[in-house]
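Just below is one structure, and these are the notes that go with it.
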Amino acid sequence: MVILMNKKRLRRLQKGKEQKGSIVYWMSRDQRVDDNWALIYGYNQALKNKSPLIVYFTLVPQFKEATYRIYKFMLEGLNQVSQKLESLNIAFVLKLGYPEILVPQFIEENGISLLITDFSPLRIKQTWNERIKEKISIPFYEVDAHNIIPVWEVSSKKEYAAYTLRKKIEVKIGAFLEEFPKLKKLRKIWSENTSPIEWKKLLNKVEVQKTEFIDTEFKPGEEYAMRILQKFLKEKLTSYNKTRNDPNEEGTSDLSPYLHFGHISSQRVVLEASKIKNVANLKNSFYDEIIVRKELSDNFCFYEPKYDSFEGFHSWAQETLNTHRNDTREYIYKKEEFENAKTHDDAWNAAQIEMKTTGKMHGYMRMYWGKKILEWTQTPEEALQIAIFLNNKYELDGRDPNGYTGIAWSIGGIHDRAWKERPIYGKIRYMSYNGLKRKFELQKYIKTYL
Ligand SMILES: Cc1cc2nc3c(=O)[nH]c(=O)nc-3n(C[C@H](O)[C@H](O)[C@H](O)COP(=O)(O)OP(=O)(O)OC[C@H]3O[C@@H](n4cnc5c(N)ncnc54)[C@H](O)[C@@H]3O)c2cc1C
């Protein structure tokens, strides 16, 4: 039976000619089988048209600054996706190469009738969509499977701050925060012969850099993500408010790598959290992060084409940073010095090492880390470039709207307000070493990583 689904979760990218044939979900950002609206939409269409459903993945040999560790995490997760899909009679095809070439080719060679993809606001994915559109004539849909309220539905413009989006979310969330349907085995399976995926060899075929730190304690996949979520709900949610800003405590959820790769949906996280009783007021601060802050990042990257450059900052921030452009800097470091944690500041160096070794820097230190890059580089443009490079290269959850927005917040005051004017920062919010000391046991944190 076809599953009811809120049609506002999808956007038609191209009308196209209706024809008979298999349906393709080109999976990209939401690499999971459960709780995935893009897969659910494909499944519905397959049932309606009595056609097979194929999940198609294009493994780009080089993606931004992603390294071997990041590809390894992703490929292990995809291997699990392929096995789970098999049990539902849904084919999984993975090809090495670029989507704008591979997707149209696959459609042409296999007489595909409909193309679906999941949504990402990042320029690279939006450009791939545009290029694919030019080359195909079948209908093409985009489904927002990453946000609880689709980005185009919650707001039609770039939001100024969390409080402006929060109000809109409060009005609309009731219509979207629903339980996900479970998929059953499809009757028809795509029967073309494709060569089996050689998972172990794939990693050697990508053209990415092997860094010093290859292993991470984070284990990929949907099942593991659910385990992390359950542990968080059981052991940490009630104290989240108190411990989340202390880098010595394991007080946050650690879900960001899983949310980034789509191994878990934020809607599932919120649905499970809302089952926990007696923590209503404490839950709010967690909701504010996983719903408001997270969806605000997608809003920023979707409506601000220059989300990764100085021109993407608000005019007050550009003005104040320009006023202080020529201020004397006490310390100036090159990209390599930042990368190798060779600054004079042991707290900053510890945070950089935490990110390099574990693949995830604590959220509180990320703010300090970003702001000090502004303070210790020659221009805000250079600061932005270095911060994005390091964040994308070393964070498992990097290359994400949350990363671009977090960096734009730290360096360019995005979603923040003007503060007391000071050298270099102008009116951008400042953070200090002494401030860290007041907030938590800084020496303990430094000792952990240095
Ligand atoms: C300079 C800088 C860089 C950042 N880079 C990234 C990045 O590359 N990828 C990334 O996912 N987040 C990034 N963040 C946001 C935030 O620090 C992380 O999401 C958080 O630390 C992840 O840890 P957690 O899952 O344990 O968080 P929790 O506190 O458990 O929060 C749960 C979830 O809520 C969302 N969330 C929490 N804080 C924020 C926030 N400030 N903005 C947006 N969403 C938030 C995330 O999806 C997170 O996984 C960055 C922030 C800054 C200041």
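The values are calculated or read from the model by the stated rules, or taken from the named source; none is laboratory data. The structure presented is a predicted model; accordingly, all values stated were derived computationally and were not measured. We place every Cβ from the backbone using ideal geometry, glycine too, and count neighbours over all the protein chains shown. Side chains included, ligands, DNA and RNA excluded: accessible areas come from the protein's heavy atoms. Shrake-Rupley method; radii C 1.70, N 1.55, O 1.52, S 1.80 Å.
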- Over the Cα atoms of the stretch 310-449, what is the Rg over Rh ratio if Rh follows Kirkwood? 0.94
- Accessible area, 1.4 Å probe, largest first: how do Met226, Met74, Met365 sort? Met226, Met74, Met365
- Item | Whole-Å distance, taken between Cα centres, linking the stretch 281-359 and the stretch 195-210 | 32
- Given His362, Trp316, Val270, which one lies farthest toward the positive end of the charge dipole of the chain, if we put +1 on the Cβ of every Lys and Arg and -1 on the Cβ of every Asp and Glu? Val270
- Could you provide, to the nearest whole Å², the per residue accessible area of the stretch 310-449 with probe 1.4 Å? 41
- Can you give the angle from 0 to 90° between the axis of helix 37-49 and the longest principal axis of the chain, with both taken from C-alpha atoms, to the nearest 10? 10
- Using only Cα atoms, find the angle between the long axis of helix 68-86 and the longest principal axis of the chain, and express it within 0 to 90 degrees, rounded to the nearest 10. 30
- Highest mean packing first, using Cβ neighbours within 10 angstrom, the peptides 75-83, 256-264, 187-195 sort as 256-264, 75-83, 187-195
- Note on the structure: Cα pairs beyond 21 Å in the stretch 109-260, in percent, come to 72
- Item | Pair-distance profile P(r), taking every C-alpha pair of the stretch 368-450, with 10 angstrom steps and integer % | 17, 43, 36, 4
- Note on the structure: Computed on Cα atoms only, the convex hull of the chain has an orientation-averaged projected area in nm² of 21.2
- Note on the structure: Expressed in Å to one decimal, the Kirkwood Rh of the stretch 95-195 from all distinct alpha-carbon pairs is 16.8
- Task: Express the accessible area of the stretch 7-146 per residue in Å², computed with a 1.4 Å probe while the remaining protein chains stay in the model.
- Result: 36
- Task: Using +1 at the Cβ of each Lys and Arg and -1 at the Cβ of each Asp and Glu in the stretch 303-450, identify which of Tyr394, Ala350, Tyr331 lies farthest towards the dipole's positive end.
- Result: Ala350
- What ranking, highest mean first, results for peptides 32-40, 9-17 when packing means the other Cβ atoms within 10 Å averaged over each residue? 32-40, 9-17
- With x for Gly and Pro, the residue-by-residue ³J(HN,Hα) of the stretch 226-237, computed from phi through the Karplus equation 6.51 cos²θ - 1.76 cosθ + 1.60 at θ = phi - 60° and given in whole Hz, is 5, 5, 4, 5, 5, 5, 4, 5, 6, 9, 10, 4
- Item | Student exercise, the stretch 193-297 dipole from Lys, Arg, Asp, Glu Cβ charges, in Debye to nearest 20 | 340
- How big is the charge dipole of the chain about its Cα centre, in debye rounded to the nearest 20, if each Lys and Arg gets +1 on its Cβ and each Asp and Glu gets -1 on its Cβ? 1100
- Query: Relative to the first principal axis of the alpha-carbon coordinates of the chain, what is the inclination of helix 99-110, with its axis defined by its Cα atoms, in degrees from 0 to 90 and to the nearest 10?
  - Reply: 10
- What is the magnitude of the charge dipole of the stretch 1-155 about its Cα centre, with +1 placed on the Cβ of each Lys and Arg, -1 on the Cβ of each Asp and Glu, and no other charges, expressed in debye to the nearest 20? 280
- Note on the structure: Residue-normalised 222 nm signal for the chain, counting each DSSP H run of n ≥ 4 as -39,500 (n - 2.57), nearest 500 deg cm²/dmol, is -13500 deg cm²/dmol
- Report in % the part of the accessible area of the stretch 310-449 that belongs to carbon and sulfur, leaving out ligands and nucleic acids; probe 1.4 Å. 47
- Rounded to the nearest 0.05, what FRET efficiency is calculated for Lys444 and Asn193 with R0 set to 56 Å and r the Cβ-Cβ distance? 0.45
- Query: Which of the peptides 156-163, 59-66, 389-396 is most tightly packed, and how do the rest follow, judged by the mean count of other Cβ atoms within 10 Å per residue?
  - Reply: 389-396, 59-66, 156-163
- Task: Mind pulling up the Rg/Rh value for the stretch 320-376? Radius of gyration and Kirkwood radius, both on Cα.
- Result: 1.01
- Evaluate the distance, in nm, between pseudo-label points positioned 7 Å from the Cα of Glu319 and of Glu421 along their respective Cα→Cβ axes. 1.0
- Please name whichever of Gly42, Ser410, Met226 sits farthest to the positive end of the charge dipole of the chain, dipole taken about the Cα centre and charges placed at Cβ: Lys and Arg +1, Asp and Glu -1. Gly42
- Note on the structure: Of every Cα-Cα pair in the stretch 7-146, the percentage lying beyond 26 Å is 16
